[in-house]
Amino acid sequence: MLGYQKLGLFLKEKRVEAGLSQPALAEKLGDVHSQFVSNWERGLCAPPSHAFQRLISVLDLSREELVKVMVADYQSEVEFKVYKKKPRAIKKAK
């Protein structure tokens, strides 16, 4: 399984743009520990469903852009399974 690398980089970029540390974001989200934020940003897992609406609000995310990023991760996963090819290089957030 390839994970959620694109989503993780996207969330990290948006958190940094918002001027928040991982602990500050976790605090704004409420019932989330900063280690979970770290795991999301490293692409190890996706945020739980209940956290998405708060992330959208706190980080001022575009729902459409968020969907595109998540679909791109899924596309990489499917291409890997079907074509047995490695995913395209992922650009790191600045």
Calculate, axis by axis, the spread of Cα positions in the stretch 25-78 along the three principal axes, and write the results as whole Å, longest axis first.
34, 22, 15
Entry for Cα extents along the principal axes in Å (calculated from the structure that is shown) out of [x] 32, 29, 29; [y] 55, 24, 18; [z] 41, 23, 21:
[z]
Rounding to the nearest 10 and keeping the result within 0 to 90°, find how far the Cα-based axis of helix 5-17 lies from the longest principal axis of the chain.
30 degrees
Tell me the per residue accessible area of the chain using a 1.4 Å probe; a whole number in Å² is fine.
67 Å²
Let me have the relative contact order for the chain, percent, based on Cα pairs under 8 Å that are six or more residues apart.
39 percent
Stretchable slack from Glu27 to Lys68, in nm (0.36 nm times residue separation minus alpha-carbon distance):
12.1 nm
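The values are calculated or read from the model by the stated rules, or taken from the named source; none is laboratory data. No experiment lies behind these values; they were computed from the predicted model shown. All accessible areas refer to the heavy atoms of the entire protein, side chains included, with ligands and DNA or RNA removed. Shrake-Rupley method; radii C 1.70, N 1.55, O 1.52, S 1.80 Å.
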